[in-house]
Amino acid sequence: MKKLRVVHYINQFYAGIGGEEKADYPPEIREGLIGPGQALQAAFKEEAEIVATVICGDSYYNENMEESKSQILEMIRPYQPDIFVAGPAFNAGRYGVACGDITSHVQNELHIPGVTGMYVENPGVDLYKKEVYIIETKNSAADMRKAAPKMAKLVIKLGHHQEVGSPEEEHYIKRGLRKNYFADKRGSERAVDMLLAKLRKEKFDTEYPMPSFDRVSPSPAIKDLSQSKIAIVTSGGIVPKGNPDHIESSSASKYGTYDISQFDDLTDQDHETAHGGYDPVFANEDSDRVIPVDVLKEMEKEGMIGSLHPYFYTTTGNGTAVANAKAFATEIAIDLKNHGVDAVILTST
Amino acid sequence: MVKEIEKTGIPVVHMCTIVPISKTVGANRIVPTVAIPHPLGNPSLTMAEEKEIRRNLVLKALEALTIEVEGQTVFE
């Protein structure tokens, strides 16, 4: 079989260009493999070759999706790859969105199949799992050694237009597709078997899992701003200078509640960000860029809003487990209720 | 976080730069912001111009809180 031509997509961090301070790095393409491409290439053995690597900063991609995508597609085109691979992004949110988005566009516009890899809680999973094969990885790059062979196997199959097996066989995240097959027993028998298993409290697998719609209906609007108490919540990690409660820069295990009643304007003297998932320079210079305390205080004085709740609630939203974020917000919501807060402005970076 | 708070009946407006993520996390009122590291500011402008942008975005967010919505709504 011919050796497949692969183009690989990675972010600025994995390309060795820099961390968050370089997250606005615009797209470029380089010949050959870089960084995580080595592990993939090793797993491809002689069957495929990474001919070029696209690099793009995570913030750049997410802030300029349309433009990034068009530029990258034009960069990839001349290399005429048989298959495209992105990431894996593990639990990096913006990287996951970029990997999912570019893979879907490569498939739809260049008609080249693609594979990416992510941790199941990466926001890129829900956005792109229907369109893209996403190999399930753990939440950190330490899993690369295990992820690379799984990705490589699927890359080679798709590159040769071979039939792809079930999510369980190929280790990709379920895409919500149903596939017809001939069963040994007819439906009525299977249904009775399942019912009997259920009655005996034995394990059984439904043939039609219900999708889980984890949606909350919108709360009613507030009637009169000038009578309303507004609170600020953020996942942007703003904390009093020195981060007194040591909120982690990623994968937060806690949130903070801080008094802002004495501040009309946040400055570099008193507040900063603890968030390790974006370039902190701008938030450290002026934390109002993440939580708009200065303008809300003005609006409170002008009588436009009834009042600003004297405390804000904060955590760092990068890599934070959904279960943790949920638990924080449950407690925050109780506190908001107890303080008679009418509405919340939640800011994210 | 948006959903857990909204569940209690308090309306939440999510101000963020990556709208698709806000949609997947289930925010119902969404106001798109400037950029990931400075959602409510723009360091390339003067402090006064920046504050003007921030004020306008917050006004939009407050207005969103006064509008009844059926489902996920982006206030551009």
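The values are calculated or read from the model by the stated rules, or taken from the named source; none is laboratory data. Quick caveat: nothing in here was measured; it's all calculated off a predicted structure. When we count neighbours, we look across all protein chains shown, and the Cβ atoms used for this are built from the backbone with ideal geometry, even at glycine.
Remarks
- Output for region A:119-146, where each listed residue is more than 22 Å from A:V322 (Cα to Cα) and part of a helix (DSSP H, G or I): A:M144, A:R145, A:K146
- Conditions (1) surrounded by fewer than 24 Cβ atoms within 10 Å (Cβ to Cβ); (2) modelled with pLDDT of 95 or more; number of the one not met by B:K3: (2)
- Filter result for B:P20 (part of a loop (DSSP other than H, G, I, E, B) and facing another protein chain (nearest Cβ under 7 Å)): no
- B:L45 closer than 26 Å to A:T267 by Cβ, facing another protein chain (nearest Cβ under 8 Å), out of contact with any Phe, Trp or Tyr (no Cβ under 7 Å at 6 or more places or on another chain) and assigned to a loop (DSSP other than H, G, I, E, B): no
- Meets criteria (of a type in the set (F, W, Y) and under 24 Å from B:L65 (Cα atoms)) for A:Y208: no
- Scope region A:63-82; condition out of contact with any Phe, Trp or Tyr (no Cβ under 9 Å at 6 or more places or on another chain) and crowded, with 23+ Cβ neighbours inside 10 Å; matching residues: A:P81
- Looking only at residues in region A:106-161 that are surrounded by 24 or more Cβ atoms within 10 Å (Cβ to Cβ) and among the β-branched types (V, I, T), the one that is farthest from the chain's Cα centre (by Cα) is A:V155.
- The set of residues in region A:23-37 that are within 11 Å of A:F13 (Cα to Cα) and either aromatic (F, W, Y) or in contact with a Cys (Cβ under 7 Å, 6 or more places away or on another chain) (or both) contains only A:Y25.
- B:H14 being facing chain A (nearest Cβ under 7 Å), without any contact (Cβ under 8 Å) to a residue 12 or more places away in the chain and not in a helix (DSSP H, G or I): no
- Any hit, region A:252-260, residues being facing chain B (nearest Cβ under 9 Å) and either of a type outside the set (S, T, Y) or farther than 30 Å from A:A323 by Cβ (or both): no
- Every pair of residues 6+ apart whose Cβ atoms lie under 7 Å, when the first sits in region B:35-64 and is in contact (Cβ under 8 Å) with a residue 24 or more places away in the chain while the second is surrounded by fewer than 20 Cβ atoms within 10 Å (Cβ to Cβ) and among the acidic types (D, E): none
- B:V69 being modelled with pLDDT of 95 or more and either more than 25 Å from A:L336 (Cβ to Cβ) or within 7 Å of chain A (Cβ to nearest Cβ) (or both): yes
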